[in-house]
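Below is one structure; the comments refer to it alone.
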Amino acid sequence: MSKLVAAALQMRSGTEPEANADAFEALVREAAGQGAQYVQSPEMTGVLVRSREDLASRIAGERGALVVDRAQALARELSIFVHLGSTAVALDNGRVANRAFLFAPDGQLVITYDKLHMFDVDLDNGESWRESATYAPGERAVVADLPFGRLGFAICYDLRFPQLFRALARAEAQVLTAPAAFTRQTGEAHWHVLVRSRAIENGAFMISAAQGGLHEDGRETYGHSLIVDPWGRVLAEVDGDAPGIAIAELDLDQVAAARAKIPNLKNARDFSVARVSGGVSAERKAS
């Protein structure tokens with residue numbers, strides 16, 4: 001099949017995993033009721049806790065994570081693809097993975113993907129983040145071959161690294177994903193242009209489910225979950241930061257059409273970078 005009804009779920013995850021799993025389930029069921037065949041949730045669906053100590057007390061390993069079990073059960077029951085945008089997973093070495101899961105309509109796990117790029121930044125007004133203090137970065141990019149096409153994976157801050165999305169597109173991904181928990185400050189400045197740019201640059205659909213609103217741990221996220229087509233047009237958006245669903249039909253034939261019109265993947269060339277001085281030479285200056 002070349003067409004897919006996709007949904008991006010916008011959430012406001014808090015500090016309690018069971019409440020978050022319940023909110024996630026309600027949105028998945030609503031999206032499936034609207035005809036969605038693929039459903040994506042935001043980054044950190046299972047729990048959103050800033051304190052490292054509080055996070056450690058609320059998470060489990062991959063097999064014990066409540067929201068992961070719920071996603072698998074919903075995929076099987078509703079016969080849809082469920083893409084858990086990410087959740088925190090405890091690792092054996094004491095670190096934490098920011099891990100995405102994709103479950104097939106029979107409930108089988110298709111892939112996991114660990115966020116590659118850590119959000120270590122100092123923003124205006126004293127807002128500061130050091131994800132690398134808690135999370136272990138992933139080591140591999142992932143493209144999944146699915147009945148409707150090829151799906152490429154990324155998470156939140158990965159969105160700012162176009163080379164990742166170019167690598168996914170060169171691996172023939174037709175649908176790119178970036179579930180997120182963008183801060184309000186960075187989201188207002190860059191969210192729409194980044195999501196649309198990754199779609200345009202690679203002639204691919206972009207699906208980005210987002211967290212939105214004021215969370216229990218005090219952070220504020222931007223929302224505006226998006227589905228964008230290969231020409232950069234917004235097909236669906238949750239307009240604001242409240243929980244909701246963005247849903248749209250994707251015609252995967254549009255990917256080949258966009259890449260034929262603007263064949264930048266095919267035309268790309270390797271090149272070197274020369275660094276030269278633009279200053280006035282001492283000899284010329286003396287004259």
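Per the helix-only calculation at 222 nm, which mean residue ellipticity applies to the chain, given -39500 (n - 2.57) for every DSSP H run of n ≥ 4 and division by its residues, nearest 500 deg cm²/dmol? For the chain, the value works out to -8500 deg cm²/dmol. Let me check against my output: what whole-number percent is the relative contact order of the stretch 94-211, with C-alpha pairs under 8 Å and at least 6 apart? Once divided by the residue count of the stretch 94-211, the mean separation gives 20 percent. Length gained on full extension, ALA260 to LEU109, computed as 0.36 nm times the residue gap minus the Cα-Cα distance: 51.0 nm. Taking the solvent-accessible surface of protein heavy atoms with a 1.4 Å probe, what is the per residue accessible area of the stretch 139-287 in Å²? Per residue, the stretch 139-287 has 51 Å² of solvent-accessible surface. Projecting the Cα atoms of MET118, ALA32, THR15 onto the charge dipole of the chain, computed from C-beta unit charges around the Cα centre, puts MET118 farthest toward the positive end. Going by accessible surface with a 1.4 Å probe and the largest first, ARG170, ARG130 read ARG170, ARG130. Among the listed values (i) 80, 47, 36; (ii) 64, 45, 37; (iii) 51, 49, 35, the one computed from these coordinates for Cα extents along the principal axes in Å is (i). Carbon-plus-sulfur accessible fraction, the stretch 1-47 (probe radius 1.4 Å, protein heavy atoms only): 49%. Computed in the context of the full set of protein chains, the accessible area of the stretch 175-251 at 1.4 Å probe radius has 48% of its extent on carbon or sulfur.
The values are calculated or read from the model by the stated rules, or taken from the named source; none is laboratory data. A quick note: this is a predicted structure, and the numbers were derived from the prediction, not measured. Virtual Cβ from ideal backbone geometry, glycine too; neighbours counted across all protein chains shown. Calculation scope for accessible area: heavy atoms of the full protein, side chains included, ligands and nucleic acids excluded. Shrake-Rupley method; radii C 1.70, N 1.55, O 1.52, S 1.80 Å.
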